[in-house]
Each structure stands twice: as structure tokens, then as C-alpha cells.
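The values are calculated or read from the model by the stated rules, or taken from the named source; none is laboratory data. Because the structure is predicted, anything quoted here is derived from the model rather than measured. For accessibility, only protein heavy atoms count, side chains too; no ligands or nucleic acids. Shrake-Rupley method; radii C 1.70, N 1.55, O 1.52, S 1.80 Å.
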Amino acid sequence: KTASESFGVQMGVSVSGKFGPVQVGATVNASYDTSKSTSESTSQEYAKTVTEEATKRVKSSIKETSSITILTETQNTSLRGFNNEKGSDHVNGLYRWVDKIYTARLLNYGRRLMFSLAVPEPAAFYRSLLSQNEAALMEGLVEPLHPSRIGRGLVDPLPDTNTTGGFLSYRDITEDNYALLAALYDVSVQPPPPEYLTGSKAIVYPEAMQASTIKEHDDVGGSNKSDLNYVAADNTLTVDPNYRITSVAVFASAGAAGNLSSYVDALKLGEDGSKVEDANLVLVQVAGKDFYLSAYKNPDGSDKKEKIITTNFNTFEPIDEDWHAFGEKVQGAIPITIVANFEGMLTFTVIYKAYRLDEAFDAWKAQTFAAIVKGYTTKKQAYDQAVALANAKAQTGTEAQNFQLREDQYRSIELTELQRGCIDLLTEGTAAGYTSIAVAEDGTPDIVYDAAEGNLLGNWRSPLANGSVAEFFQLAFEWESTVYQFHPYFWAGAERWKDLAQASGADPIFEQFLRAGSASVVVPVRPGYERPVILFLKTGLIWGGGKLALFTSQDMLDVYADVELGLQLDPPEQIGDSWEIRLPTSLVMLQEDEILPTFPTTTSEDDTAEATELVMDETVPF
């Protein structure tokens, strides 16, 4: 543990502790003597430094705990003392603290064939597994787009390169697109005010409930005329202030003939005589426009009932824009004045046409756009809250996986991912097989042999071949003796720097693993597998038994000479002398003699090696 914490960054991490830091030379043809002396010096220095650091940590350890204290009362019946009842002389005695003494020694395993591999971003797959939780929690969450990112035509998301085609302001709202945009943000908006508007006012005199009798006209020149003279004013017809009147009209019933003769007869107009001055008149003034209806008997007509009618009823009269009596265009209340000479009941309808003001339409667009933006803000807030909740849950799960593991679990994850990366490098990713068993819908398992390819063993993914490949890579290398070193995030692609640099973990080495942009890995070949490994490197074939080819290139001959010809030690030999490590304990011993006991140490002859193991034997003096 001390080696991992103290030398993890500078020297590399040894998973099993069996081998120390392995230094890979720049040349494979270095002389054996030089490699031997370098290995001995490095191993001895490293081993002693590790034990010294471990001793310091034990002597000056700091422990932080949270606990619940329960007070209990106990009685200690153990007696310690000096009994000199039968003695004739004084006895000297003292209490001594007991030290724990370790005897450390360095072992030489001999020559090993080792591979140095550079694994890119070793934690990529593990980090992707952690991100799957976040992705699952984020599934179904779609970030709403701002209206400025929505196209004005089909109301669809715009590409990132289009920065001007969206709804940038209320001016981009139209009668054709507002409904789709409102539906996109789930808001309810008012429809636009109509472009044109009509209004009307019915005039009835006398009112229906007051019309009890209808008086007849007297003969022409009679002294007792019963004509009904009527003068009135009406200001109850109003116009929406968002509109301006364009034209007005007075409409009366045209009858079946399509003219006003029936209406004139109903009002007894033109009954007094056949002269113009005898004509009856209905005069209506609306917003400065005069509407008239007059009738008198036709003096030349054969039909005595035929009347001459003059009128502009039932036609719209435009309101001149330069008519200033009511402003630029009539708005607000429309004044109506009536002067009439008739018999019976007077009824007609005043009608106006108006158009929508630009200011009113802009006000509606502004109100609609504000509602849409508010709808976007509401959806964005809901999305942000959902994302924050998902991130919190994902972070909780990530922390549970990164911060609540045992130390051996951290090392196991690192080694597994590095092993996967090394195998991918050695096989160009082809060693990972498909499933060997297919399960039918009824639960029946079937073994898959890749029979469709016509060759049961021609594909690594077949279960037999894949099993052989797995066995080869698991047994041919001593993965448990792997030594590795993590390099900073900037050895990965620049687009990944932000994610890698912010990764965190409770264990300092595991945090380096999560942040690593690359890793240097040194893995030894298991003794006896040197030739199968070399065969694979040279041919890409997995050894299935039988004789192995001997490659005669100089580098291969060097490997055979170093590794196969008696340079592997089994059992390993000790290098140099053993050394003693003394650690304090909480134990106390009672000693009745001032002469302290001595304890033997073991020594052995010097030897050198490149693969070494630090072994410590424990003794406690009493």
C-alpha cells in the first residue's frame, strides 16, 4: 500500500506487490551484466525505501473515526507484579513496551519476458458504464429549444448554422404560425383579432310594444293631417378602439321585388300628393354621411299607386380619410341622427365596416410572443429541474461506485480495464468473442458454432476457438504481476479533456485511473509461454499444442537465451542481506532481568535479478 501511494505516479503501480517497478530500456540488445547491475541496484533501493516509508506511516499514523461511545464498568482481575517472597536478594524488574520486528528480504525470480504496452484512455469503458446510469435517468428528457431556434416556416428546429430564421421577436408571429408555435410550448393563446369587423344598430320607432294603432294619411289639402314626424339621435353604436370605420350604410327591407317599394308602402310614404313638395322623407345621418329615402305619387303614371322613390339606402358610403369631423377615421361611438315624416312604424338598420389597426395587431403579436416565451421558460425550468434531479441520482450512483470500494476493488477494476486494453492492442480488437449460447423464446439454450460461415473453427467468435483464445491470453501473461503507470488527461483527444480532468474518486490512484489519457503497462509473460506468445506476435495464430516454431532472428534468439536457458529461477533466490524493520506496538511485557534477549536474523549470499519480490517475515519478542 505504501508503494502504491508513494510511488504510484512516479514509478508505477504494482498490483500484486510481487515485482517492483519495472524499467523498460530503450534497446533490447543491452548487455546482460549492465541489466543485471541496474536491476539489483533499483530493486534494493526500492525495497528499502518502501519499508522505510511504511515504518514512518505506522509510527505517525492519524486515524479519523466516527463512533458511538457506550460507557461500561469493568473490573480487571489480571495481576502483574514481582514476587520475591522466597528470595533472599533484591529483584530488579521493569515494564517494557513490546516491538514487532519484521525481517525483510529481496527475492530474485530470474529473467522474464515482459511487454510494455501503451493503453489509450484506460478508464473509457468503465466511465461509459457509469454514464449509462445518467443516460438512463436522462432518457425521455428533451431540452426545449428557444423560439429563436425554431424556424418560422414549418415551425421545426433550425440547424446550428441558421441564426436568423427563428422567432427573434414578436414581429415574426403571424396568423399562420402562431398556433403551431403555441402548441409546441403547450401554451394557450388568444386568436388574432379579425382583420375586418362589422357592426350594426337596429332603429325601431315607435317601439313594438308602443305601436297600438297606425293612423291613415288625410286627403291632400285636408285640415287634419296625421303624418308622424320623428326626430331622434342615437349614440349607442360603438366601435372597438382597435378598429377604424371604413364605410357605413343604412339598410331597410327591400322586399321580394328587390326594391324599397314595399318598405315605402309600409311607411305610407308619398301618399299626400304628386308633387315633390308633397314627398315624405326619411333622413338618416351616420358619422357625417347622409342617407335619405323620399317618395311621392307619380303624376303621369296610369297606376295611381305608382310612386317615385329617391334613396341611397342599402348602399355603403365610404368614410373619407380627410374627413376631420371625427378624426382621421371614425372610431369610438358613432352618432346617428334621424329626421322622418311617415306613418306607421319606422324600422331600419345602421351598419358599419371597420378594419384592424396595425397597432392592435402588433399588440396581439407581442402578447402572443410573450406567452410563448413564458411557456418556453416554464418548460426549460422543468427540464433543468429534471436534469438536476437525474444528475444528483447519477452522481449518487457514481459516488457509490467510486467512493465506497475497498482498496483491493479499486486495484481489481484498474487491472481488469488495463488487461482489456492490452488484449485489444495485441489482437486489434478481434479477441473479444460473441455469445457462445443463444437462448430461444421458449428458454431452450443452443450452442452457437458460426455454422453459417462453413467453418466451425475458422472464426474466433466460435465457442471452441473463443475459449482457446480466452485461455491463451489469461494464462500466457501474469496479469496479477502487472505494473502500470497512468499519464495525465492531455494524452487523450482534446474533446475529452474536460470530462477526464474533472473525474474524481476517493482512492488517489483510482482517481488517476479515471483521469488518465493514457497508461503505460508492463506485463510479464508466464514462464513456459514465451514461445506461444512469440508465435502469436509473429503469425497471429493461437498455439493449440504440438511443436512450436523457433524464430531465428537476433531479437528472438536473445529472448530464448535470456529466458529459456536457465535464467528463470524456481524457487527464487534471495538478493543481498535481510534487513530488520522494528515497529512499536501497544503490548507491554514484564521483565525480571536487566539483560534483554536477542533474536537471530537470517542472511544469504548476494545475487542479482530483474524480477524481484519483497518478502517480510514477522516475529514478536516476548
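Observations, loosely collected:
- Entries in Lys268/Lys297; Lys268/Lys289; Lys289/Lys353; Lys201/Lys289; Lys56/Lys100; Lys380/Lys498 that, when Cα-Cα distance is taken, lie over 23 Å: Lys268/Lys289; Lys380/Lys498
- The listed residues Met556, Met114 rank as Met114, Met556 when sorted by accessible area, largest first, using a 1.4 Å probe.
- Relative contact order for segment 498-574: 16 percent, from Cα pairs under 8 Å spaced at least 6 residues apart, divided by residue count.
- Net length gained if the chain between Asp234 and Thr55 were fully extended (0.36 nm per residue, minus Cα distance): 53.4 nm
- Largest to smallest accessible area among Lys379, Lys374, Lys86, Lys289 [probe 1.4 Å]: Lys86, Lys374, Lys379, Lys289
- Equivalent-ellipsoid semi-axes of segment 327-393, from the Cα gyration tensor, Å, largest first: 58, 15, 7
- Contour excess over end-to-end distance, with Cα ends at Ile70 and Thr347 and 0.36 nm allotted per residue: 89.4 nm
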